[in-house]
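The structure appears below as structure tokens.
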């Protein structure tokens, strides 16, 4: 399934890193002539608690490949592996609000405003998360407003096979997106993370199409298939007038 990279891969990395730190603590304790429980790791450095004595992670990594610097019985090297299989899928939550303006004379739809609040659990990187959500919103809005795979009715030939024929949203398609995060960590993995990749797209599909449908209600339009292109919107308005 999608949105598994941080949930599964990230947790596996986290578990493997903990194993590396645990082994590094043994090596550091041996080098510092201290008891292993007294050695702590923080900011890339192993140190004896309550003192200024310590060694860097780099120094421990170098020592890990020298038999003369290893505790008796400890295998050389500072590499570990870990496997993580989640007990269940994670699901992000969110709320998308979209405002559109429809020109009844031309059928043109303009996204006037957009706001979103998402819960993807623990946020690892706010910058990349914002990029994922923004890109997802653009993808969802594009599917609603313009994207369509078109075939010739007689030959079955693809008519929208290049970006010269297949419409995609551009920067001027979207308004400034107001984005907030409301993280609620999940208990299904140690990091508390949920998927984020599809969150923008899933929310945008419903928010944009519902906004268009709501704008067309006063004009008597009860149904509209996507994509909501100007021609299709205009035709729906004309048909509603003729009823």
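The values are calculated or read from the model by the stated rules, or taken from the named source; none is laboratory data. What you see is a predicted model, and the numbers here were worked out from it, not measured in a lab. Ideal geometry is used to build each Cβ from the backbone, glycine not excepted, and the neighbour counts take in all protein chains shown.
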field: Residue check, residue 231 under 21 Å from residue 90 (Cα atoms) and assigned to a helix (DSSP H, G or I)
entry: no
message: With the condition being under 30 Å from residue 144 (Cβ atoms), I'd like the strands (runs of 3 or more DSSP E) fully within the stretch 36-117 carrying at least 2 qualifying residues.
response: 93-102
- prompt: Would the stretch 109-120 turn up any residue that is loosely packed, with under 14 Cβ neighbours inside 10 Å and at pLDDT 95 or above?
  reply: yes
All positions within the stretch 80-90 that are touching a helix residue (DSSP H, G or I) at 6+ places or on another chain (Cβ under 8 Å) and either closer than 11 Å to residue 24 by Cβ or surrounded by 12 or more Cβ atoms within 10 Å (Cβ to Cβ) (or both): 80, 82, 84, 86, 90
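Quick test for you: out of 76, 87, pick the one residue that is out of contact with any strand residue (DSSP E or B) (no Cβ under 6 Å at 6 or more places or on another chain), under 30 Å from residue 202 (Cβ atoms) and not assigned by TED's automatic domain parsing to the domain that holds residue 194.
On inspection, the qualifying residue turns out to be 87.
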